[in-house]
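The next block holds one structure in the form of structure tokens; read it before the comments.
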Amino acid sequence: MPKLRSMLALLLAGAVLSACATAEIADKTDKPDPKNPFPSTYAPLPGQPTAIVNATILTGTGEQIANGTVLFRDGKIESVGANLSPPSGYTVVDAKGKWVTPGIIDVHSHLGVYPSPGVDSLSDGNEATDPNTAEVWAEHSVWPQDEGFNAARRGGITTLQILPGSANLFGGRSVILKNVPARTVQGMKFPGAPYGLKMACGENPKRVYGQKGRSPATRMANVAGYRAAWIKAADYARKAKAAEKGDGAPPDRDLKLETLAGVLNGEILVQNHCYRADEMAVMIDIAKEFGYKITAFHHASEAYKVADLLAKNGICSATWAGWWGFKVEALDGIEENAVLINKAGACVVIHSDDPNLTQRLNQETAAALAAGRRIGIDVPESEAIKWITANAAKMIGVADKTGTLETGKQADVVIWNADPFSVYATTEKVYIDGGLAYDRADPRYHPKSDFMLGHPKGGE
Amino acid sequence: MRTLLIALLTAALAATAQADTIAVTNAHIQTMGSAGEIDNGTVVIKNGRIAAVGRNVAVPNDARVVDAKGSLVTPGVFVTGTNIGVVEIDLVSQTNDSATKSPDISAAFDVQYGVDPNSTVIPVARQAGVTHALVTPGYDGDGSRDLLFAGQAAVLSLADSINPVMRAKAAMMIELGEGGAARAGGARGASILALKADLEDVRWFMRNRGNYNTGAARDLRLSRLDLQALIPVVQGKMPLLVKVHRASDIRAVLKLAREERLRLILTGAEEGWMVAGDLARANVPVLLAPQANLPDRFETLGASMENAARLNQAGVTIAFSNGDGHRVREVRYDAGNAVAHGLPYKAALAALTINPARIFNVANTTGSIERGKSADLVIWTGDPLEPSTQAQTVIIGGIEQPLDTRAQDLARRYKDLNGAMPPAYKQ
């Protein structure tokens, strides 16, 4: 009898699934890909050929276009420029007096892994049980019902990198998401985006493990920990490669070493939490010792002190304007950091690390610009918009797909009611892959997480 | 001898600075007082105070003229809910005087004694036009203490001076809702009862000092110091500043304040808009962070970017809180965001200036540009709510303030990286 009941339940579940399945749910007959065991099932929201006209456009390529038009269809940008007339059959959106930018990208987010509400049951961002947890993947902690995703989208965020926390030397894999409401994390995964590996310098690992009476308790033990891990990973990667060529047996599969070997093979990008300039220089030498590349330093409060070194090594810095002083390694954080990095010719990104700030990366960038002007460095807005679009896309390995308004790119587009660097600017429409994901004026496009059903309506 | 000379010189300079007569001319003045907005006006400052303000005001002969060239002039920004001056680095406990773990000191805890006038955090706020701050005590984060009260808040003037404390004991801080419940054994029912019992104990203590001193006291939950500190609260002289979030908790606090005849100020109040009418009728002001819009706790599920606008619309007096010291410069953007979500511009300016001055009982000396008040004002390069705007001139107590910060020193030192000598040789 119990057996029968469970069979009935299974049958019913199957019926419901087949009735309601959208592209978001993977076809169970798909063959699993050993390289990609949790494949993206992302499908763009429905869209129609759209022409945004009469807009002031910041393209993300360094251009500002007055009275410009953006044309997109089938999820891709067709053309961007002044004096383009919309072809027939396109939905025309008059953006007179409004501004258009690429979708905003937050390269440092913990949405989903530290969701709202911040209770223990949902706190899944830091596997602070071992200094090396390269084997964990942030996507396995992401709760798609975090209302923070919806709030971020209202702030123009169309793409995010979700990272594990910074308790560990190796925190685990990040995941790149398209900021669409979905039932599963696979339904949000950015197709074709590379993984990142979260690493952390400095105070956090030594504090977390020092307090447990374990190593690392000092910065020198942090470094010993990175190097010991890379030695093992190099050996693993060598054996795996040799085995592919028929030379010997492959090593026993090891999730931790698989991820680290992925970095050594150039498939996984190093996303390195690091505040202090001198520590960045040490991390750069470790990367050289083991032959990998650091894609970005995150937080990077002292990047301005070694901006030349970062430029030379092609490393991006993801930072804030206003955050400083909350711990010793953040004491020298200055509002001018971004403009000074930019001045040295290095790649700079403004990030949030915060579910509130992610809603206002445009304002954080505006504060960084203002600080620059205060010391005589005037960066134009057409350049600064890259810090939250094009440079951010580059930093997470999706610059060929999004981050600028250029022909052929994904139609991730934001319409603002004013200059996005004004505190009064709010988003009017947010398109993701050409699908309308948010429309301030139309409640049908105000998605709400399951969690918020039945609760008071804040009404934004 | 040399020390004496320096001392004399310093005293002389200070005296000169104090005596400076300043005329700010060609100013677009938001007085935040009865004169309202004055286009092309003049503010005359004498002996640290505002001697005159208006369109047709004569500039005294001895005045140093500061031509505002049409720029906006407002009262200095007054931010609430900060730890400025008592926290240098949050995670370095030796530099963090915002909370105590003492088992005997809760209500008696007084932030004024932890204020460091040489904190590097103060100039960063001042550079952004913040002239006054309410410093509120917090709770030690490790949850090892179950006393309900956090302690007493203080109003600081952020002038470059050796004594920033302008008004100590400005309010008694307590957290209710989830935090209060946790400290009272895990449930709201216990925290409200415990608070009422504490207040009853204070009244008993006031009536029975003799018995208390001879050891013939009944069982009291609080120490002598704490009981003593709470006397002005039960007398209605010191406001009880309650951090509370959920609408039902706000109602419970309003009821308790009515029953106990307390003066009340709320902070947090993310669901305040849901009980805006009750707050307005009870004439209870609210300190809020306008961007707190996430359901990040079960007690803030109704949080909204429109909280500030809705409370203001209902007639509640609001001011802005910024639960930090290092980032108080952002409070003017907080105000801008509130405006972007429906708060009238003038109301936002009031919430940055005159409202907090009134709420904390210092409006007789600051908070607006009016004759007789301390000359605490800012000349802005543009709209003060915009990040692109800088505070061009900051005057506190009639003295033009230095706008240098340690961060500026760092920026100057590292602006060019190719010197022959290491950056350490750059001053």
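In the range A:42-150, which trypsin sites (Lys or Arg not before Pro) are in a loop and have at most 12 other Cβ atoms within 10 Å, using DSSP for the loop call? Answer by residue number: A:Lys96. For peptide A:213-219, the mean count of partner chain Cβ atoms within 10 Å of a residue's Cβ comes to 0. For the protein assembly as shown, the pair-distance distribution built from all alpha carbon pairs, in bins 10 Å wide starting at 0, is 2, 11, 20, 24, 21, 13, 6, 2, 1, 0, 0 percent. In order along the range B:296-301, the phi-based Karplus estimate (6.51 cos²θ - 1.76 cosθ + 1.60, θ = phi - 60°) of 3J(HN,Hα) comes to 7, 9, 5, 9, 10, 5 Hz; Gly and Pro are listed as x. A convex hull fitted to the Cα coordinates of the range A:345-460 yields 145 cubic angstrom per residue.
The value of relative contact order for chain A, using C-alpha pairs under 8 Å at least six residues apart, is 19 percent. Placing one equal scatterer on every Cα of the range B:77-366 and applying the Debye formula, the log10 ratio I(q)/I(0) at q = 0.07, 0.11, 0.13 Å⁻¹ is -0.24, -0.61, -0.86.
For the protein assembly as shown, the antiparallel share of DSSP beta bridges with both residues in that region comes to about 55%.
Neighbour counts of C-beta atoms inside 10 Å place A:His351, B:His341 in the sequence B:His341, A:His351, starting with the fewest.
Span-like helix criteria (full DSSP H runs; alpha carbon extent of at least 18 Å along the helix axis; mean Kyte-Doolittle hydropathy of at least -0.5) are satisfied in chain A by A:2-20, A:219-244, A:277-290, A:361-374. The stretch between A:Val119 and A:Asp378, if pulled fully straight at 0.36 nm per residue, gains 88.9 nm over its current Cα-Cα span.
Place a point 7 Å from Cα of A:Met220 in the direction of its Cβ. Which residues in the range A:167-211 have their backbone N less than 20 Å from it? The answer is A:169, A:201-211, whose backbone nitrogens lie closer than 20 Å to the label point. Coupling constants for the range B:188-202 follow from the phi torsions by the Karplus curve (6.51 cos²θ - 1.76 cosθ + 1.60, θ = phi - 60°), and in residue order they are 4, x, 6, 5, 5, 4, 4, 5, 4, 5, 4, 5, 4, 4, 4 Hz; glycine and proline get x. Cβ under 9 Å from B:Asp324's Cβ, B:Asp324 left aside: what net charge do those residues give with Lys, Arg +1 and Asp, Glu -1? Charge balance near B:Asp324 sits at -1. Decide, for chain A, between rounded, prolate and oblate: order the square roots of the alpha carbon gyration tensor eigenvalues as a ≥ b ≥ c, take rounded if a/c falls under 1.5, and otherwise choose prolate if a/b is larger than b/c, else oblate. Here chain A falls in the oblate category. When the range B:77-366 is described by a simple charge dipole with +1 on each Lys and Arg Cβ and -1 on each Asp and Glu Cβ, the residue from B:Thr214, B:Leu266, B:Ala335 located farthest towards its positive end is B:Thr214. Full extension of the chain between B:Met206 and B:Lys255 gives 15.3 nm of extra length, using 0.36 nm per residue less the Cα-Cα distance. Once the Cα atoms are used to define both axes, helix B:247-260 deviates from the longest principal axis of chain B by about 80 degrees.
Across peptide A:418-424, the mean count of Cβ atoms from other chains lying within 10 Å of each residue's own Cβ comes to 5. When the alpha-carbon atoms of the range A:242-320 are used, the pair Rg, Dmax equals 15.5, 49 angstrom. Among A:Leu405, B:Leu254, A:Leu260, the ranking by other beta carbons within 10 Å of each residue's beta carbon, starting with the fewest, stands as B:Leu254, A:Leu260, A:Leu405.
Under the classification rounded if a/c is under 1.5, otherwise prolate if a/b is larger than b/c and oblate if not, where does the range A:145-297 fall, given a ≥ b ≥ c as square roots of the Cα gyration tensor eigenvalues? Oblate, since a/c reaches 1.5 and b/c is not below a/b. For the range A:354-444, GluC sites (Glu not before Pro) meeting the loop criterion (DSSP other than H, G, I, E, B) and having at most 16 other Cβ atoms within 10 Å: A:Glu406.
Footprinting exposure proxy ranking of B:Met172, B:Met421, fewest other C-beta atoms within 10 angstrom first, gives B:Met421, B:Met172. Among the DSSP beta bridges whose two residues both lie in the range B:77-366, what percent are antiparallel, rounded to the nearest 5? Looking only at bridges with both residues in the range B:77-366, the antiparallel portion is about 35 percent.
The string of couplings for the range B:29-44 from the Karplus curve (6.51, -1.76, 1.60, θ = phi - 60°) is 9, 9, 6, 6, x, 5, 6, x, 9, 10, 7, 6, x, 10, 10, 9 Hz, one whole number per residue in order, with x for Gly and Pro. Per-residue ellipticity at 222 nm, computed for chain A from helices alone with -39500 (n - 2.57) per DSSP H run of at least four residues, works out to -8000 deg cm²/dmol. DSSP beta bridges confined to chain A are antiparallel in about 55 percent of cases.
Bear in mind these aren't lab numbers, they're just calculated from the coordinates by the rules spelled out. Just so we're clear, the structure is a prediction, and the values are computed from it rather than from any experiment. Neighbour counts run over all protein chains shown; Cβ positions are idealised from the backbone, glycine included.
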